[in-house]
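Each value in this text was obtained by applying a stated rule to the coordinates, not by laboratory testing. Since this is a predicted model, take the numbers as computed values, not measurements. With ideal geometry, Cβ positions are generated from the backbone for all residues, glycine too; neighbour counts draw on all protein chains shown.
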Amino acid sequence: MNFNLSQIPKRNHKPRVDGITMVMDKGLSVEEVKNFMDAAGAYVDIVKLGFGTSYVTPNLRAKIELYASHDIPVYFGGTLFEAFLIRNQFDDYVRICKEFGIKYLEVSDGSIDIPHAEKCGYIEKLTKHGTILSEVGSKDAAHIIPPYKWIELMKAELNAGSAYVIAEARESGNVGIYRGSGEVREGLVQEILTQIPEEKIIWEAPQKAQQLYFIELVGCNVNLGNIAPNEVISLETMRLGLRGDSFHLFLDKESMH
């Protein structure tokens, strides 16, 4: 930190297991990644190469290695996993992850229907190859999953070997744990938190109001995902109560004038 301020909440230090900021890279160039790392690398825990972008990204290996040189693991978006799966190329997917030195793997079923036991089977298989993140919740806004079902799915996926379950929101933040307006489905979120440990959930929260909601609810060390690269620093200030929205969250009212 550049200067001393009292009453700043205690952020977990990297390498963090909770308080994670997962960034969605939707096609940054190698030069942009260099600048991004220079500006905000200290606050990034994991990078997701969004949906199927890794298939068309030029200099993919150089980019992955650049993140790795900053001790930031990279994983391919779950949609790519599903694209391989629907084409019966699961083994190819595993091979490609190995080839590119990918140690984090996302298992999702946002675009295709997989029986849940089968999805958990893939999670179990992939734990041999790395750290598993599995995504719960549909990308289809019309498909509303009741809270008890979210809890059941999350428990089963954690039991199958997922290190984290990701609560689906899409990159726009308007499905899954959110209504079409982007507003949080608060009852759902609070019910999930009665049964699933908060440090095991990464909440996709691309919008500022969503990030604030989870920081207020869980605290500065909440796991947040789908953060845009240019918003990492502003999110970190929000986590620390150094942004208008979160200014009063961590102040001790007694010691203030």
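Things to note:
- Per residue, the convex hull volume that the Cα atoms of the stretch 196-257 enclose (Å³): 87 Å³
- Rounded to the nearest angstrom and listed largest first, the equivalent-ellipsoid semi-axes of the stretch 36-141 from its Cα gyration tensor are 24, 15, 13.
- Per residue, the convex hull volume that the Cα atoms of the stretch 21-255 enclose (Å³): 128 Å³
- Helical runs (DSSP H, four residues minimum) scored at -39500 (n - 2.57) apiece and divided by the length of the chain put the mean residue ellipticity at 222 nm at -11000 deg cm²/dmol.
- Each label was represented as a point 7 Å from its Cα along the Cα-to-Cβ direction; for LYS208 and LYS34 these points are 3.1 nm apart.
- Note on GLU65 and HIS248: the extension gain reaches 61.9 nm, defined as 0.36 nm multiplied by sequence separation minus the Cα-Cα distance.
- Ranked list, fewest to most other Cβ atoms within 10 Å of each Cβ, for THR21, THR131, THR57: THR131, THR57, THR21
- Extension gain (nm, one decimal) between LYS155 and TYR55, 0.36 nm per residue minus Cα-Cα: 32.9 nm
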